Amino acid sequence: MSEKSLEKILSEKVLKLEASPTFALDAKANELDVELKKQGDYIVRFGIGQPDFNTPENIKDAGKKAIDDNKTKYTPAAGISELKEAIVNKFKKDNGLDYEPANILAGIGAKQVLDTIMRAFVNPGDGVLIPKPYWVSYTQQVVLSDGVPLEVDFKEDLKLDKDHLKKIIADFKNPIKLIIINSPNNPTGAVYSKEELEEVAQICLENGIYIIADEVYEKFIYGDVTHHSIAGFSQDLKDITITVNAVSKTYAMTGWRIGYCAADQAIIKQMSKIQGQSPSNPCSIAQWAAIEAMEGDQGSVELMRNEYEKRRNYVYDRLKAIDGIECGLPEGAFYAFPKVSDLYNSRIKSSDDFSGQLLEEGRVAVVPGSAFGDDRYVRISYAASMDKIVEGMNRIEKFCKGL
Ligand SMILES: Cc1ncc(COP(=O)(O)O)c(C=O)c1O
């Protein structure tokens, strides 16, 4: 059947849904890479946000042991009790947050946990506040739940514009259920200070808006910056905050697919119902590996953090030295978000054009800012080896000079 005739039978929702641009770009970069490798060249991959490190050995061993011990059956929908205990301990140790296992849900990566939150909260037409620039899946997950993504503008410092936030809240006629605060931020690398978070949180408290605190990059912060968990500020805020995290980035475990959240027990109960119907439970083997990740030796996390910090410094210095590019110093995560719009010309009129040409001519994959809600920027992931970063930055510099 042709795609066109299928459109009559498929849901309007799925037809409206945008494919993940980072996954699409990576697929294109992959294709070109295969071609170029035949000629002895390659694409430098700064696209997908994925640690280039391997999962640490102790974690892999725990996964292998889980298989040998036949821990390969269905598990409770929200995760095995041993994993929930490990997550409770993690929140206490790292974030000073007191929870019980009934406050915890584990899912298939932070992405699926976020999707479950949307389904639990959003009625058709409800608003979800999404500060720009945003991680690509937030808006589309809201669309999947029949909600309305409400994009909040950002200021020069790449932090949320509070006046715009208040205006949207005042103007939107339907209920606004949630806001997503992502710090350290993908794509900007910005980390919110305690004061900034408190201001936003206060607005949410006053308006009955629940907060999703997406903290998946909390371990990767640089210089003297500190990460703050909103749920730790007061009991009132803890009551309205769902803190989301994952082992994916922290332990280089993106493929294992374990994410989790902590929230009021009544919220977790409803989310567990959703998970019990779809998709049952996160992979049993990966759950055991995640326990080792959180409870075993943490040395690998600091090694990775150190390495990312060196790369962050290098990428930032190189970007600053390129005429026509502006870039703030990323304080966390593993992304730089340079503004490239001053380089646009008759041939390159958008971040899609810029990224497309950079891929074809410059042989470097970056993600266009349009995917994150701002066409003036591109995102560079520096989760790549230092050799690749040096080569990639040389290529970007040459490409920009040629514009
Ligand atoms: C801000 C943010 N939240 C959530 C996720 C999803 O993480 P996971 O791989 O655990 O699903 C990502 C992944 O790129 C991310 O950047």
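Laboratory data are not the source of any read-out in this text; all were calculated from the coordinates shown. Please read all numbers here as calculations on a predicted model, not as lab measurements. As a convention, Cβ positions derive from the backbone with ideal geometry for all residues, glycine included, and neighbour counts pool all protein chains shown.
Annotations
- FRET efficiency, 1/(1 + (r/R0)^6) with R0 30 Å, evaluated for Lys93 and Glu391 via beta carbons: 0.15
- Summed residue charge, Cβ within 13 Å of Tyr314's Cβ, Lys/Arg positive, Asp/Glu negative: 0
- Sequence-distant contacts, meaning Cα pairs under 8 Å at least 6 residues apart, place the relative contact order of the stretch 101-205 at 26 percent.
- Put in line by how crowded their Cβ is, counting other Cβ atoms within 10 Å and starting with the fewest, Met386, Met304 read Met386, Met304.
- Rounded to 5, percent antiparallel among DSSP beta bridges of the chain: 45 percent
- Other residues within the sphere of radius under 11 Å centred on the Cβ of Ala383, judged by their own Cβ, net out at +3 (K and R +1, D and E -1).
- Coil-residue trypsin sites (Lys or Arg not before Pro) of the stretch 63-94, DSSP, other Cβ within 10 Å capped at 14: Lys73
- By the count of neighbouring beta-carbon atoms within 10 Å, fewest first, Leu129, Leu319 end up ordered Leu319, Leu129.
- Of Ser351, Ser341, Ser11, the one that fluctuates the most in a GNM where the chain has Cα springs shorter than 10 Å: Ser11
- Value of relative contact order over the chain, rounded to a whole percent, pairs C-alpha under 8 Å and six or more apart: 22 percent
- Simple Cβ-charge dipole of the chain, Lys/Arg +1 and Asp/Glu -1, about Cα centre, in debye nearest 20: 800 debye
- Taking only alpha carbon atoms, the stretch 111-242 gives an Rg to Rh ratio of 0.93, where Rh is the Kirkwood radius.
- Approximating the spin labels as points 7 Å out from Cα along Cα→Cβ, the Glu100-to-Glu85 distance works out to 1.6 nm.
- Residue-span extension gain [Ser193 to Gln140] - 0.36 nm each, minus C-alpha spacing: 16.3 nm
- Taking a straight line from the alpha carbon of Lys65, these lysines sit under 23 Å away, with near neighbours fewer than eight places off in the same chain left out: Lys73, Lys84, Lys90, Lys249.
- Expressed to the nearest 5 percent, the antiparallel share of DSSP beta bridges inside the stretch 73-295 is 35 percent.
- Computed from the alpha carbon atoms alone, the convex hull of the stretch 73-295 holds 112 Å³ per residue.
- The protection proxy used here, the mean number of other Cβ atoms lying within 10 Å of each residue, ranks peptides 239-249, 101-111, 27-37, 179-189 as follows, highest first: 179-189, 239-249, 101-111, 27-37.
- The order of Lys219, Lys4, going from fewest to most other C-beta atoms within 10 Å of their C-beta, is Lys4, Lys219.
- In the chain, helices alone account for a calculated mean residue ellipticity at 222 nm of -13500 deg cm²/dmol, with every DSSP H run of four or more residues adding -39,500 (n - 2.57).
- Sequence-separation-based contact order of the stretch 73-295, relative, with Cα cut under 8 Å and 6+ spacing, percent: 29 percent
- Cα-Cα separations in the chain greater than 31 Å, expressed as whole percent: 39 percent
- Too-long pairs where the Cα-Cα distance tops 20 Å, listed order kept, from Lys320/Lys401; Lys111/Lys219; Lys339/Lys398; Lys132/Lys339: none
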